[in-house]
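Asks: Below: one structure in structure tokens.
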Amino acid sequence: MPGDARYDEAERLLADKPVIDVPTIVLDPTEDPVTVPRGTDEHRTSFSDLVGHTHVSAGHNTPRDAPEAVAAAVLDVHARIRRTS
């Protein structure tokens, strides 16, 4: 079934999978039934400034399942941005 035409342009842009060029830490959940954790090299194709990558013991809702890991990642990226600006 076709989606809402209002979002066609956004869908097209996302389908192109643009590289994200801001400092990024990827947290791959190990208990997610929807996706499997990927390796760091796989993530480098999507993030040009990959600051870090780690597997965390979490399900599909990582912020709920591993809030400490998410908070640490946010603080780590914030500290990196402050050091480089």
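Asks: Taking residue 79 as the residue in question, decide whether it is modelled with pLDDT under 95 and in a helix (DSSP H, G or I).
Replies: Spelling it out, residue 79 is indeed modelled with pLDDT under 95 and in a helix (DSSP H, G or I).
Asks: Taking the stated definitions as given, is residue 63 surrounded by 11 or more Cβ atoms within 10 Å (Cβ to Cβ) and without any contact (Cβ under 8 Å) to a residue 12 or more places away in the chain?
Replies: For residue 63, the condition - surrounded by 11 or more Cβ atoms within 10 Å (Cβ to Cβ) and without any contact (Cβ under 8 Å) to a residue 12 or more places away in the chain - is met.
Asks: Give me the pairs: first residue in segment 1-27 and on the phi < 0 side of the Ramachandran plot and in contact (Cβ under 8 Å) with a residue 40 or more places away in the chain, second residue surrounded by fewer than 10 Cβ atoms within 10 Å (Cβ to Cβ) and of a type in the set (S, T, N, Q), beta-carbon distance under 9 Å, and six or more apart or on different chains, which are they?
Replies: Within 9 Å, the pairs are 23/84.
Asks: Among the residues of segment 47-60, what is the count of those that are assigned to a loop (DSSP other than H, G, I, E, B) and surrounded by 13 or more Cβ atoms within 10 Å (Cβ to Cβ)?
Replies: Here the count works out to 3.
Asks: Select, from 28, 4, 21, the only residue that is at pLDDT below 95, under 30 Å from residue 85 (Cα atoms) and among the charged types (D, E, K, R).
Replies: It is 21.
Asks: Here's another thing I want to ask about it. Among what's in segment 5-34 and is of a type in the set (Val, Ile, Thr) and over 13 Å from the mean Cα position of the chain (by Cα), pick the residue that is surrounded by the fewest Cβ atoms within 10 Å (Cβ to Cβ).
Replies: The selected residue is 34.
The values are calculated or read from the model by the stated rules, or taken from the named source; none is laboratory data. What you are looking at is a predicted structure, and each value in this text was computed from that prediction instead of being measured. When we count neighbours, we look across all protein chains shown, and the Cβ atoms used for this are built from the backbone with ideal geometry, even at glycine.
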